[in-house]
Amino acid sequence: MKSIITYGTYDLFHYGHVRLFQRLKAMGDKLIVGVSTDEFNSLKGKVAFFNYQQRIEMISACKYVDLVIPETHWQQKAKDIVELNVNIFGMGSDWQGKFDYLKEFCQVIYLERTDAISTTEIKTNLAVPRSNCIRLPSSALIK
């Protein structure tokens, strides 16, 4: 059995996350996703919209994900890889080279991010006033 692992916050779960999980799952039999805890995110200077329990609920519901584990600190990855018999460690290309030290434990791959989507972009766009939106008259609405 070939196991793959990845890590992230996965806040505002979106189709870019789904596509990452789909591509990783296609490389093996079991996809393990480490989801950053709220405490770990705080150490990283990140604030998630959804709390840890909500995020793991969303990630667990994804059909490509077989196991969700908590990510509590940077140093746990090598231990997780060994304990969970992981064959492939995969991350988005924005992390290129950052996890090469894990090559002594398993294959390390960096996948291209899905174009035109990111949690940061979603948060930014939600904060922008929608003055350019087309507003339909109420008579145009289906009742």
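The values are calculated or read from the model by the stated rules, or taken from the named source; none is laboratory data. Just so you know, these numbers come straight off a predicted model, no measurement behind them. Using ideal geometry, Cβ is built from the backbone for each residue, glycine included, and neighbour counts are taken over all protein chains shown. When the accessible area is computed, the model is the full protein with side chains, heavy atoms only, and any ligands, DNA or RNA have been set aside. Shrake-Rupley method; radii C 1.70, N 1.55, O 1.52, S 1.80 Å.
Figures for the structure shown
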quantity	calculated
Subset of the stretch 36-72 [under 19 Å from Leu102 (Cβ atoms) and at pLDDT below 95]	Lys44
Helices (runs of 4 or more DSSP H) fully within the stretch 10-105 counting 1 or more residues that are open to solvent by 20 Å² or more (accessible area, probe 1.4 Å) and of a type in the set (Asp, Glu)	38-44, 52-61, 76-83
Of all residues in the stretch 114-133 being exposed (fewer than 15 other Cβ atoms within 10 Å of the Cβ), under 24 Å from Lys46 (Cα atoms) and not aliphatic (A, V, I, L, M), the one that is modelled with the lowest pLDDT	Lys123
